[in-house]
Every structure is written in structure tokens, then in C-alpha cells.
Amino acid sequence: MKTIHSTPYQRLLALLVDARKAANMTQQELSQRLGRPQSYVSKYERGERRLDVIEFMDIARYIQADPYGLLRQVDSMLMDQNS
């Protein structure tokens, strides 16, 4: 299974988008903080590019989201699916 297309990974991306928007931050603003082009943010938010753990932690830090809380939400979803 390609995890980039899995429901849990898509849920993680949705959580990151929601957290970025809750921080009142545009893709452009986040990309500037990350030192990356705006297309980097756009591609991972659309699921066209996979994030590694370090990238995920950096993004969470810059949007002031709790990375562990985000992962707990995804883990909870996985637990529900496996019940």
C-alpha cells in the first residue's frame, strides 16, 4: 500500500492544513519560514509530496501545532479502523 494515499496520511495532511489556517498563515508565509518555495507547501498539502518525520516536526513547529497531538489524532483513527 502506498501510504501517501492512505486514509490516515490524508487525515494527517488535513490536520496540518487546518492547523496552518488556524494559525492564520498562508502557504507563502509558511514556505518563507521553512526556507522552501511555496510549491513545497502546496505539494505536500495536496498529497503530491510525502513528508518525512523531520519535515513534519518543522512544519508543526512553525504553525504552532502540537505534533504529538496531531499524531495521536491519526493514531486514534487507526485504532478505530482496526477495532
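The values are calculated or read from the model by the stated rules, or taken from the named source; none is laboratory data. Because the structure is a prediction, the values reported are computed rather than measured. For neighbour counting, all protein chains shown are included, and Cβ atoms are generated from backbone atoms with ideal geometry for every residue, glycine included.
How many residues, within region 1-58, are under 14 Å from residue 74 (Cβ atoms) and among the charged types (D, E, K, R)?
Counting residues in region 1-58 that are under 14 Å from residue 74 (Cβ atoms) and among the charged types (D, E, K, R) gives 2.
Name the pairs whose Cβ atoms lie under 9 Å apart, with the first residue in region 37-49 and within 18 Å of residue 6 (Cα to Cα), the second surrounded by 14 or more Cβ atoms within 10 Å (Cβ to Cβ) and among the β-branched types (Val, Ile, Thr), and 6 or more positions between them or separate chains?
Qualifying pairs under 9 Å: 44/59; 45/17; 47/4; 48/4; 49/4.
Six or more apart or on different chains, Cβ under 7 Å: which pairs go from a residue in region 1-30 that's over 16 Å from residue 55 (Cα atoms) to one that's surrounded by fewer than 14 Cβ atoms within 10 Å (Cβ to Cβ) and modelled with pLDDT of 95 or more? Could you list them?
That search, which allows pairs on different chains as well, returns 23/64.
Can you tell me how many residues within region 48-65 are loosely packed, with under 15 Cβ neighbours inside 10 Å, more than 12 Å from residue 20 (Cα to Cα) and not basic (Lys, Arg)?
Adding up the residues that qualify gives 5.
Of 11, 20, 33, which residue is within 11 Å of the chain's Cα centre (by Cα), surrounded by 11 or more Cβ atoms within 10 Å (Cβ to Cβ), at pLDDT 95 or above and in a helix (DSSP H, G or I)?
Only one candidate passes the filter, namely 20.
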